[in-house]
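Down below is the structure, laid out as structure tokens.
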Amino acid sequence: MSTNLSVPSVTADYALRVADDLSANRGEQERVRSELDRLQDELVRLEESEQVLTKMQDVLGGAPKQTAKQGKSRKTAAVPAARRSNTKTAAGKSGAADGRKATKKSASTKKPGEATWLELTTAHLSGQSEPRSAAEVSASLTEAHPERAVQVTVVRNALEQGVAQGLLERSKQGRSVFYSPVATVPVSSVS
């Protein structure tokens with residue numbers, strides 16, 4: 001009979017814990033709702049300030065910059081709490097990634113008057129008697145253009161672009177890929 005007495009006791013303990021957890025959950029929901037209301041009020045004030053400042057900028061003759069869309073700010077308010085807690089971490093990571101991307105873009109940005117990678121690769125291959133791999137083309141371009149940051153992936157992309165445009169041919173030998181200029185066949189005139 002001692003077994004029967006412990007079952008109601010365990011059930012009562014679980015019922016008490018569930019009731020406590022439910023109460024805590026409802027309290028947390030209320031706190032989050034009040035915080036959300038406060039943030040929405042603050043957002044409305046900021047949007048109104050933005051409109052006033054934009055009008056003042058227009059009156060003063062300054063070049064108006066694009067304003068943030070209201071839809072974007074409303075989307076952030078609908079993000080679940082579990083994801084919002086990681087916002088700071090995610091923002092730091094994306095900021096670092098953006099910094100790296102910006103550095104790479106600025107390093108590889110073509111200056112006015114410089115040839116594109118596609119032009120450089122097709123010109124290089126047109127002077128070759130046999131097919132070349134992307135690594136070989138990249139090494140040759142590094143020697144020929146030391147002022148430009150040559151990356152094998154960029155050269156490979158340019159070579160693939162040349163294949164897509166019909167300027168270059170791709171051939172595979174085992175696992176290796178080689179590129180060569182398209183052989184032009186003289187067109188005989190047909191009368």
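The values are calculated or read from the model by the stated rules, or taken from the named source; none is laboratory data. Just so it is clear, the model here is predicted, and its values are computed rather than measured. In this analysis, Cβ positions are derived from the backbone assuming ideal geometry, glycine residues included, and neighbour counts consider all displayed protein chains. For the accessible areas, the whole protein counts, side chains as well, though only heavy atoms, and no ligand, DNA or RNA atoms are used. Shrake-Rupley method; radii C 1.70, N 1.55, O 1.52, S 1.80 Å.
The figures follow:
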read-out: Inter-residue pairs, beta-carbon under 6 Å, first among the small types (Gly, Ala, Ser) and part of a helix (DSSP H, G or I) and in segment 134-148, second at pLDDT below 90 and open to solvent by 50 Å² or more (accessible area, probe 1.4 Å), 6+ apart; value: Ala134/Val152; Ala135/Val152; Ser138/Val152
read-out: Only one of Thr121, Thr109 that is β-branched (Val, Ile, Thr) and either modelled with pLDDT under 85 or farther than 25 Å from Gln173 by Cα (or both); value: Thr109
read-out: Residues within segment 178-191 that are touching a helix residue (DSSP H, G or I) at 6+ places or on another chain (Cβ under 8 Å) and either modelled with pLDDT under 90 or part of a loop (DSSP other than H, G, I, E, B) (or both), tallied; value: 2
